[in-house]
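Engineer: Mind having a look at this structure? Questions to follow.
The values are calculated or read from the model by the stated rules, or taken from the named source; none is laboratory data. Computed from a predicted model, the values in this text were never measured in an experiment. Note that each Cβ is placed from the backbone with ideal geometry, even for glycine, and that neighbours are counted across all protein chains shown. The area values use the complete protein model at the heavy-atom level, side chains included, leaving out ligands, DNA and RNA. Shrake-Rupley method; radii C 1.70, N 1.55, O 1.52, S 1.80 Å.
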Amino acid sequence: MNKINKNIPSGFGFYLRRLNKLSSDKKEAKDLLARCKAAKATWVSFMVESEDGYTSSEENTKAYRDVLVAGGVKVWVWTFPGSERAAGVPGSKEAANLALHFRDLLEADGVMLDVEKAYKGKKAALNSLVNTTTDALKSTQFGVGFVSYPIPNFHNDIDWSCLSQCDFGSPMLYDTAKTKELVKKSYVQYTEHNPIWIPSLATYDTESAGTEAVQLKGDLDRVFEGNGDKNIRGAIFWSESTTSKEERVILADYADLLFIK
């Protein structure tokens, strides 16, 4: 049997949060596309649901998706189930199925599962979330990403073996990008479970030195140092709505350096 080539994000992307309702001329979506192009972002990930139980509008999300895809931007979906979903197996299956529904609705390249505090000590529920998603997509090209804390051995109450069932891991290197040593720990520990490392980075003020564009450049320097050996295919930034014009210039420059041939 031929192995299916799974979709894996490439280049720089943005997490999209709660999107404003589109006006009749779709100006908000067109402006979003322009901002993505300014950063040379090649993909975005739409929110399905957030920790507090908020669920995105299908109609509004689909309208944004149509504008972005027409402009050449690839789309993913991400979901962040909270404590109510994570309380047991049934809720976690529901969360996975909702994400899968949005994947179908948006014809997205895949699903990103955000696993944080709600799933600590909830092995059965976490495996339900991951297995329901990966089982549904295992015979397709659609990818599944595992998004979570940056350094696994700091959070031993999460079942990190789930990461190996996914197609890539995305550590949230928000404050962790501040030193090369912490970046290395994340890379080594994540790739023990999954060889494909697509980091999540910040475009907001973190513990890294400097602010905005200065901070972002430093984070990128540390994360992508020695990338010839690490072979990082892409990264995603939290979040599009917090990214300044100056930060978009930095991202565009790095995209040229790392990904644009």
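Engineer: Please list, in chain and number order, the residues 5+ apart from Gly143 or on another chain whose amide H is under 5 Å from its amide H, with Hs placed from the backbone.
Structural biologist: Asn7, Gly110, Val111
Engineer: When all C-alpha to C-alpha distances in the range 37-102 are sorted into bins of 10 Å, what percent of pairs does each bin hold, rounded to whole numbers?
Structural biologist: Percent of Cα pairs in each bin: 20, 45, 25, 10, 1.
Engineer: Quick check for you: with a 1.4 Å probe and neighbouring chains kept, what is the accessible area per residue of the chain, in Å²?
Structural biologist: On a per-residue basis, 45 Å².
Engineer: Please figure out what share of the DSSP beta bridges in the range 1-149 is antiparallel and state it in percent, rounded to the nearest 5.
Structural biologist: Among the beta bridges of the range 1-149, antiparallel pairing accounts for roughly 5 percent.
Engineer: Mind checking which aspartates and glutamates have their Cα closer than 20 Å to the Cα of Lys3? Skip sequence neighbours fewer than 8 apart in that chain.
Structural biologist: Filter leaves Asp109, Asp135, Asp167.
Engineer: Quick check: Cα centre of the range 214-243 to Cα centre of the range 84-100, how many Å?
Structural biologist: Each part reduced to its Cα centre gives a spacing of 31 Å.
Engineer: Rounded to two decimals, what is the ratio between the C-alpha radius of gyration of the range 1-117 and 2.2 N^0.38 Å?
Structural biologist: Values: Rg = 14.9 Å, N = 117, 2.2 N^0.38 = 13.4 Å.
Cα Rg divided by the expected 2.2 N^0.38 Å: 1.11.
Engineer: Ignoring everything but the protein chains, give the 1.4 Å probe accessible area of Cys166 in square angstrom, nearest 10.
Structural biologist: 10
Engineer: Quick check: with the 1.4 Å probe, what order do Arg103, Arg233, Arg222 take by accessible area, largest first?
Structural biologist: Of Arg103, Arg233, Arg222, the descending order of accessible area is Arg233, Arg222, Arg103.
Engineer: Looking at Pro81, Ala255, Met47, which one has the Cα that reaches farthest to the positive end of the dipole of the chain (charges on Cβ: Lys, Arg +1; Asp, Glu -1)?
Structural biologist: The residue sitting farthest along the positive end of the dipole is Ala255.
Engineer: Using heavy-atom solvent-accessible surface (probe 1.4 Å) with all chains present, what is the largest-first order of Lys184, Lys178, Lys30, Lys245?
Structural biologist: So the residues, ranked largest to smallest area, are Lys245, Lys184, Lys30, Lys178.
Engineer: Pick from Ala70, Ala177, Ala108: which is most flexible by mean-square fluctuation in a GNM of the chain where alpha carbon atoms under 10 Å apart are linked?
Structural biologist: Ala70
Engineer: Next up: Rounded to the nearest 0.05, what FRET efficiency do Ser139 and Leu257 give with R0 = 41 Å and r taken as the Cβ-Cβ distance? Could you check?
Structural biologist: 0.65
Engineer: Continuing with this model, one more query. In whole percent, what relative contact order does the chain give with Cα contacts below 8 Å and a gap of six or more residues? Let's see the in-between values first.
Structural biologist: Working: 493 pairs, mean separation 54.1, N = 261.
Computed value for the chain: 21 percent relative contact order.
Engineer: So, with a 1.4 angstrom probe, what is the percent of accessible area on the chain that is carbon and sulfur?
Structural biologist: Working: 5930 of 11780 Å².
Its accessible area is 50 percent carbon and sulfur atoms.
Engineer: 5 Å is the cut-off here: which amide hydrogens, built 1.01 Å from N in the peptide plane, fall below it relative to Lys74, excluding neighbours closer than 5 in sequence?
Structural biologist: Result for Lys74 returns Trp43, Val44.
Engineer: Apply the Karplus curve 6.51 cos²θ - 1.76 cosθ + 1.60, θ = phi - 60°, to the phi angles in the range 151-159 and return the couplings in whole Hz, x for Gly and Pro.
Structural biologist: Taking θ as phi minus 60°, the curve returns 10, x, 6, 8, 9, 6, 8, 9, 7 Hz for the range 151-159.
Engineer: Give me the percent of DSSP beta bridges within the chain that run antiparallel, rounded to the nearest 5.
Structural biologist: Of those bridges, close to 5 percent are antiparallel.
Engineer: Could you work out the relative contact order of the range 136-217, using alpha carbon pairs under 8 angstrom and six or more residues apart, expressed as a whole percent?
Structural biologist: Numbers: 111 pairs, mean separation 23.3, N = 82.
Value for the range 136-217: 28 percent.
Engineer: Which of the following values of Rg and Dmax of the Cα atoms in Å was calculated from the structure shown: (i) 20.9, 61; (ii) 17.4, 51; (iii) 20.1, 67?
Structural biologist: (ii)
Engineer: Write down the Å³ per residue value for the convex hull defined by the alpha carbon atoms of the range 192-233.
Structural biologist: Looking at the range 192-233, the number lands at 89 Å³ per residue.
Engineer: In addition: Projected area of the range 68-210, taken from the Cα convex hull and averaged over every viewing direction, in nm²?
Structural biologist: Mean projected area of the Cα convex hull: 9.3 nm².
Engineer: Could you work out the relative contact order of the range 59-136? I mean the mean sequence separation of Cα pairs under 8 Å and 6+ apart, divided by the number of residues, in percent.
Structural biologist: The normalised contact order for the range 59-136 reaches 37 percent.
Engineer: For each pair in Lys62/Lys122; Lys74/Lys184; Lys117/Lys230; Lys21/Lys62; Lys74/Lys138, compute the distance between the two Cα atoms and list the pairs where it is over 22 Å.
Structural biologist: Listed pairs above 22 Å: Lys62/Lys122; Lys74/Lys184; Lys117/Lys230.
Engineer: Which number comes out as Rg/Rh for the range 128-249 once both Rg and the Kirkwood Rh are worked out on C-alpha atoms?
Structural biologist: Result: Rg/Rh = 0.99.
Engineer: Could you go through the range 220-229 in sequence order and give the Karplus-derived ³J(HN,Hα) for each residue, using 6.51 cos²θ - 1.76 cosθ + 1.60 with θ = phi - 60°, rounded to whole Hz, and x for Gly and Pro?
Structural biologist: Here the 3J(HN,Hα) series is 5, 4, 6, 5, 9, 4, x, 5, x, 8 Hz.
Engineer: Continuing with the same structure: Which order do you get for Leu68, Leu105 if you rank them by accessible area with a 1.4 Å probe, largest at the top?
Structural biologist: Sorted descending by solvent-accessible area, the residues read Leu105, Leu68.
Engineer: Per-residue HN-Hα couplings for the range 178-187, Karplus 6.51 cos²θ - 1.76 cosθ + 1.60 at θ = phi - 60°, whole Hz, x for Gly and Pro?
Structural biologist: My calculation for the range 178-187 gives 6, 9, 5, 5, 5, 4, 4, 4, 4, 4 Hz in order.
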